[in-house]
């Protein structure tokens, strides 16, 4: 910000330059405190929940950027009541959860974003254009990359503006590690509780738009409205109405990885009226892990706010590798993810103890591409 005023001492003493400097500073302040989304640079100044606003994260040396939405801290009842239509047993018992404030991706992570890491497009663009490789780029380059996919992982459903799919939870978490290094901000997958809290957006109904399932076509891509040119498929992100907190595609389009291991009775471990703080079912084994939100190939009832989806070895049956890949879910054309950024960055110890960052599941041998 102060570089705007770097005119040199003599120039600064000149009244005209001094006025230009003051105007530049004033305009900068207006941009920071106004209602427009913050840039990722201005967002560095945010320290309290009251200061949190939407911002756009730009990816240096590329044209790729994505939007982040502030999610206020608070408490909610997680899970669904026994009377909810289409309810599954693993959605209960309901229990109270306390959530700290964070930002969440306005949409699911797209191929445009994901392939900057997964097939090294960011590095290729940087090398081709002769762009600077700064400390952030050096840190990002050091993050593990997956092996090259054996086929087009979009399976001809589209890439530009579409959600990235077919990655393992480990791959999604490693992308978050790369994104954190690349941007200097700490990004990760949401916990299951954070995801449902953001999906509900203050509501207690089956969907964030109410209990009336007939309205779902306005908010979600699901089995009943996802056919295009005779083919059932996913769709570009952000084309349906958002939930009350401005998040698109929380219902349907693609299911979204969260941090947690899937345990069908996990909710029974909590007292129903005593708010649990940062509940997390830490995963060591590869299966099962949790994805949330339903998908383009699921019924409307399977896209409710409380629905839980457990990963399964059948999600990578077509994988030709032996042992199976740590990076790709070749048969899970319905699974993707979105990122969160907590207002309070966890300590290194917290990240390690809670396994918030990428950790290779037990029994899995990840192949990597040597560069």
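The values are calculated or read from the model by the stated rules, or taken from the named source; none is laboratory data. Small disclaimer: the values here were computed from a predicted structure and weren't measured. Positions of Cβ are generated from backbone atoms using ideal geometry, with glycine treated the same way; all protein chains shown enter the neighbour counts.
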| task | Filter segment 204-237 for residues that are closer than 30 Å to residue 346 by Cβ and surrounded by fewer than 17 Cβ atoms within 10 Å (Cβ to Cβ) and give the result. | result | 204
| field | Inter-residue pairs, beta-carbon under 8 Å, first outside the structural domain of residue 189 (by TED's automatic domain parsing) and in segment 274-287, second at pLDDT below 95 and surrounded by 12 or more Cβ atoms within 10 Å (Cβ to Cβ), 6+ apart | value | none
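Listed residues 321, 259; which is in contact (Cβ under 8 Å) with a residue 40 or more places away in the chain and part of a strand (DSSP E or B)? Can you show your working first?
Details: 321 fails: part of a strand (DSSP E or B).
Unique residue meeting the criteria: 259.
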| said: Of everything in segment 272-304, what is assigned to a strand (DSSP E or B) and touching a helix residue (DSSP H, G or I) at 6+ places or on another chain (Cβ under 7 Å)? Give them in sequence order. | reply: 289, 290, 292
| Flag for residue 246 being touching a residue at least 24 places away in the same chain (Cβ under 8 Å) and on the phi > 0 side of the Ramachandran plot | yes
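Report whether or not residue 247 is under 21 Å from the mean Cα position of the chain (by Cα) and not in a loop (DSSP other than H, G, I, E, B).
Values: under 21 Å from the mean Cα position of the chain (by Cα): yes; not in a loop (DSSP other than H, G, I, E, B): no.
Against the criterion (under 21 Å from the mean Cα position of the chain (by Cα) and not in a loop (DSSP other than H, G, I, E, B)), residue 247 does not qualify.
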| field | Segments classed as strands (runs of 3 or more DSSP E), wholly inside segment 69-179, with at least 2 members that are surrounded by fewer than 16 Cβ atoms within 10 Å (Cβ to Cβ) and at pLDDT 95 or above | value | 74-78
